[in-house]
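> Would you mind keeping the following structure in view while I ask a few things?
Nothing in this text is a laboratory measurement; each read-out follows from the coordinates by a stated rule. Note that the coordinates shown come from a computational prediction; the quantities given were computed from them, not determined experimentally. Ideal geometry is used to build each Cβ from the backbone, glycine not excepted, and the neighbour counts take in all protein chains shown.
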Amino acid sequence: MAAHEEFFVDEDGNPIDLSELGDDYEIVDEPFAEASGALDEAPEDEPEPEPVPTVTMALASAPATEAPAPVPTAVAVDGDHGIPVKFLLVAAVVAALILGGLAFGMNKLGQENSIADVKAKATEKTEAVKDKVEDKTHPPIDACDGKQLKDAMWGDSRGDKPKTQLRIVKTVPLPKGFADRVEDLGDAAAERVVLLQQSNRDLGVYASAPGPKDARGKSTTSWWKVRVATADGVRVIEDGEGTGEDADAATACKSGKGGIYAVVGEGVPTEAKGMREGQVVVSAAKPDGAEAETVWVVMGDTLAKTTLEYAPEDDESEDSTKTTTATETTAATTEKGR
């Protein structure tokens, strides 16, 4: 059994030495645990007795072996404030996450909602809508289908402006043999001039004229043929009498009708100019089978390579598109070569 050690405490549980009290004290024999809490549980209704010094003797069991003291958990503190570092670290992490989120949000907001970005996105969407509308109202040019080329013609009333127009790229004067046959024909040249595309490298330009009667007294037709190379520019390589038996290549486009077209650019001969700006008498028109936007036209005694395009919708026109009067400069750019 464990050994017992006797010691004395006062009513508050404080250890005392009996030799220091003299003779005026009372010894109460109680276990230490009960003695230490006896006064705390005194009934409230009973009057408190006169304070008499009491000494409580308690027996405390001394363990045979002394239990090791518990090892305190080391807690780091922050300086003089005594705040655990682990709490500071948690707070720092939370603050970093909050600040990081705010920074990301503000950056994202700045990227998406800046005035410049908003304007750029609005412009981009507007252009996309315009492109869709443009595709519907102005499909890609393909002169070979005939309709868009026909839209470049002035109507009979000459009041409605054509939806498309022919812009001159290059002109070449046709030889004298051809020019003589179309001279002074005016609008009637459309009945006499023919354009054929026999390959993607050359054109045949033909002018017909009434020929002598045959042995049976029937009227005949004579032809003048001009062969033009188009592979490396536009140049006349041959002219002379034709047989009238030539034909288009199998993949050539159908020829357009002769008439009054909207033509812009330099090089229109005087005799082909109409009364209004941009009106040009075209005696023959041939969409190019190899180039969708290219149209070959004969204006008087001149062959021109043109590009079919949509006409501007406003009434303003560039100086380079004016074709109202003949000038010495225009005459110089369309040398007759006769």
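> Could you pull out the GluC sites (Glu not before Pro) across region 148-245 that fall in loop regions by DSSP (anything but H, G, I, E, B) with no more than 16 other Cβ atoms inside 10 Å?
Taking region 148-245 and a limit of 16 other Cβ atoms within 10 Å, the loop GluC sites (Glu not before Pro) found are 183, 245.
> Residue by residue through region 137-150, which ³J(HN,Hα) values in whole Hz follow from phi under the Karplus form 6.51 cos²θ - 1.76 cosθ + 1.60 (θ = phi - 60°), with glycine and proline marked x?
8, 10, x, x, 6, 9, 5, 5, 6, x, 5, 5, 5, 5
> Additional query: How large is ³J(HN,Hα), in whole Hz, for each residue of region 185-197 in order, when computed from phi with the Karplus curve 6.51 cos²θ - 1.76 cosθ + 1.60 and θ = phi - 60°, using x for Gly and Pro?
Rounded to whole hertz, the list is 7, x, 5, 5, 4, 4, 8, 10, 10, 10, 10, 10, 10.
> Do the alpha carbons of any pairs in 147/286; 147/225; 161/305; 218/257 sit beyond 24 Å of each other, and which pairs?
Working: 147/286 13 Å; 147/225 28 Å; 161/305 22 Å; 218/257 28 Å.
Pairs exceeding the cut-off: 147/225; 218/257.
> Return the long-range amide H neighbours of residue 311 (sequence gap of 5 or more, or a different chain), with a cut-off of under 5 Å between placed amide H atoms.
HN-HN under 5 Å from residue 311: 164, 165.
> With bins 10 Å wide starting at 0, give me the P(r) of region 238-320 over every alpha carbon pair, in whole percents.
15, 43, 32, 8, 2
> Which order do peptides 220-229, 172-181 fall in by mean Cβ count within 10 Å, highest first?
172-181, 220-229
> In sequence order, what are the phi-derived ³J(HN,Hα) couplings for region 252-261 according to the Karplus relation 6.51 cos²θ - 1.76 cosθ + 1.60 with θ = phi - 60°, rounded to whole Hz, with x for glycine and proline?
Here the 3J(HN,Hα) series is 6, 7, 5, 5, x, 6, x, x, 9, 10 Hz.
> For residue 280, list long-range residues whose amide hydrogen, built 1.01 Å from N in the peptide plane, is under 5 Å from its own amide hydrogen.
Amide H neighbours of residue 280, under 5 Å, 5+ apart: 261, 263, 274.
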